[in-house]
Amino acid sequence: MEIKADRERCVGAGMCVLTAPEVFDQSEDDGRVVLLTEHPEPDQVDTVQQAVELCPAQALLLAGKHRAADG
């Protein structure tokens with residue numbers, strides 16, 4: 001799975017950081033999204049997907065989504 005962030009579209013709402021702080025951060029300079037990793041771990045897929053859906057500016061894109069296999 002790969003995450004893309006469009007910093008030009010980002011409005012700095014911080015929903016991604018609140019939802020998946022291990023994957024997203026905000027720049028101290030302009031408050032826009034900063035990716036901590038472009039390739040999150042499989043156990044982070046659901047929270048990353050939720051962050052993508054919650055982004056009010058639609059500045060996040062998730063490609064190659066793979067869900068962890070159920071037990």
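Points worth noting:
- Among the residues of the stretch 1-34, not one is over 19 Å from residue 63 (Cβ atoms), assigned to a strand (DSSP E or B) and of a type in the set (A, V, I, L, M).
- Checking each residue of the stretch 10-22 against the condition of being touching a residue at least 40 places away in the same chain (Cβ under 8 Å) and under 11 Å from the mean Cα position of the chain (by Cα) gives at least one match.
- Residues of the stretch 41-71 satisfying the condition of being modelled with pLDDT under 95, at negative phi and in contact with a strand residue (DSSP E or B) (Cβ under 7 Å, 6 or more places away or on another chain): 62, 63
The values are calculated or read from the model by the stated rules, or taken from the named source; none is laboratory data. As the structure is a computational prediction, the values presented were derived from the model and not from experiment. Counting neighbours? That spans all protein chains shown, and the Cβs are built from the backbone with ideal geometry, glycine included.
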